Every structure is written in C-alpha cells, then in structure tokens.
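The numbers here are math on the coordinates, done by the rules we state, and not lab data. Note that the coordinates shown come from a computational prediction; the quantities given were computed from them, not determined experimentally. Here the Cβ positions follow ideal geometry from the backbone for every residue, glycine too, while neighbour counts run over all protein chains shown.
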Amino acid sequence: MPGELRNARILILTSNTGVEHDELVVPRDRLRERGAQVIHAAEHDTPVQTYRHDLEPDEQIQPDTTIDAVDPGEIDLLIVPGGTVNADRLRANEDARRLVRAATGAYKPVAAVCHGPWLLVDAEVLPGKTLTSYPSLRTDIRNAHGEWVDRPMVRDDTDGWTLITSRKPADLPDFVEAITRELTA
C-alpha cells in the first residue's frame, strides 16, 4: 500500500467551520500514507474547526491553501467531506462550485461523503448520476436529477467522469479504498 498513489494529486475542499472531523482527517491521512500529495483548501487561510456529529467541537486544522487559489488543472481528484454546516457553506461558495464544475468538465473524479454532495447539487453536476449521501440529502439529490441509493459506497462513471460517494464516517474505509482504486486503475 505505501507508495501506490505516488504522483496522485488530491484536493480536499472545506469551509472553515462545521467540517466532520473524520471525513477530513481519515481520507487525508490514509491517502498520504499511500503516497498521494493531498492538499487541503478552505475558504480562508485560517484554521478549520472540525466537529464530531455536527455538534461536538474537535481539533482545528490549518488548511494548505484557499479555495480561490486552487488551479483545478493541477489536481487528479477532488474530495468533499461532510458536516452539515461545512457542506451548506460550500454550496453557497461560487469558487467551490467553480472547482467542481472544472473538475467534472475535465473528466476528473470527484468523491463526496455524508453532506458533501450538497455542493454537487448546487454545482449542478448530478443529472443522471447514481450516488449515496447522508439520508437527509435524498430529496435534494433527486430534485437535482440524481438517483439516490442507500449503500456504504457508490461509484458512478456516467457522462465520462467518476463520482465516488459514501454516507457517513463509518463508511470511510470503503470510501478511501474506492478512491485508491480509482487513482491506480
């Protein structure tokens, strides 16, 4: 496993608050252990406040850069963690929506977990896609012309770009493994 993702450039996109701790830290750390270059971009160059279960504050994490400074041409895969507040803030951020549209327009894989697909709803990239998420997003996904299913991990390559989604922190092992397979295929 170590080194298998050498040369993979992964971007994790968050707001500066309300990020579900494990949905940021677990993919970041596991993918780095496998050799990927993982960059964390947030709205501002200030620490990101993470939470557990949306309500319990956890650690603050300094991002590597800001969303508006990211060149989408320099990434191989985009990850959107959940956390209700995080996802709600990202979906209202034009730079975040632009990055998603640029990644999907360049046929780069996007991975989102829990509430993360809210950003994809507002970026208007879900028509025809099958995905999973935290169950409360089901109606939003269907209204965005995506098909919602209840599974630990879903991979869909409709329209030439791959979407990898999971429902919650307990699904992170499947989520990280799917990302790894995508980048080593």
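Fewest neighbouring Cβ atoms within 10 Å first, the residues T130, T165 line up as T130, T165.
Applying the Karplus relation 6.51 cos²θ - 1.76 cosθ + 1.60 with θ = phi - 60° to the stretch 22-27 yields 3J(HN,Hα) values of 5, 6, 8, 6, 5, x Hz, where x marks Gly and Pro. A simple spin-label model places the labels of Q37 and R98 2.2 nm from each other, with each point 7 Å out along Cα-to-Cβ. In order along the stretch 119-126, the Karplus-derived 3J(HN,Hα) couplings, from 6.51 cos²θ - 1.76 cosθ + 1.60 at θ = phi - 60°, round to 4, 5, 4, 6, 7, 6, 10, 8 Hz, and Gly and Pro are given as x. Phi angles across the stretch 162-168 convert, under the Karplus curve 6.51 cos²θ - 1.76 cosθ + 1.60 with θ = phi - 60°, into 3J(HN,Hα) values of 8, 10, 10, 9, 9, 8, 6 Hz, Gly and Pro given as x. Selection among H53, L77, L163 by position relative to the dipole of the chain gives L163 as farthest towards the positive end (Cβ unit charges, Cα centre). In this rough spin-label picture, where each label sits 7 Å from Cα along the Cβ direction, the D159-D45 distance is 3.4 nm. From helices alone, the chain scores -9000 deg cm²/dmol at 222 nm; the rule is -39500 (n - 2.57) for each run of n ≥ 4 DSSP H residues, then divide by the residue total. Dipole orientation for the stretch 9-184: of the candidates L120, P152, S136, P152 has the Cα lying most toward the positive pole (charges on Cβ; Lys, Arg +1; Asp, Glu -1). Among beta bridges from DSSP that stay inside the chain, the antiparallel ones total about 25%. Hull volume per residue, based on the alpha-carbon atoms of the chain and their convex hull, is 95 Å³.
If each of E177 and E124 carries a label point 7 Å out from its Cα toward its Cβ, how far apart are those two points in nm? Between E177 and E124, the label points sit 3.8 nm apart. Note: the stretch 100-143, Cα convex hull, 65 Å³ per residue. Computed over the alpha-carbon pairs of the stretch 82-178, the distance histogram in 10 Å steps reads 18, 55, 26, 0 percent, short to long. Restricting to DSSP loop positions (anything but H, G, I, E, B) with no more than 15 other Cβ atoms inside 10 Å of their own Cβ, which GluC sites (Glu not before Pro) remain in the stretch 1-58? In loop regions of the stretch 1-58 (DSSP not H, G, I, E or B), the sparsely surrounded GluC sites (Glu not before Pro) are E4. In Å, what Kirkwood hydrodynamic radius results for the stretch 43-106 from the alpha-carbon pair distances? Over the stretch 43-106, the inverse of the mean reciprocal pair distance is 12.9 Å.
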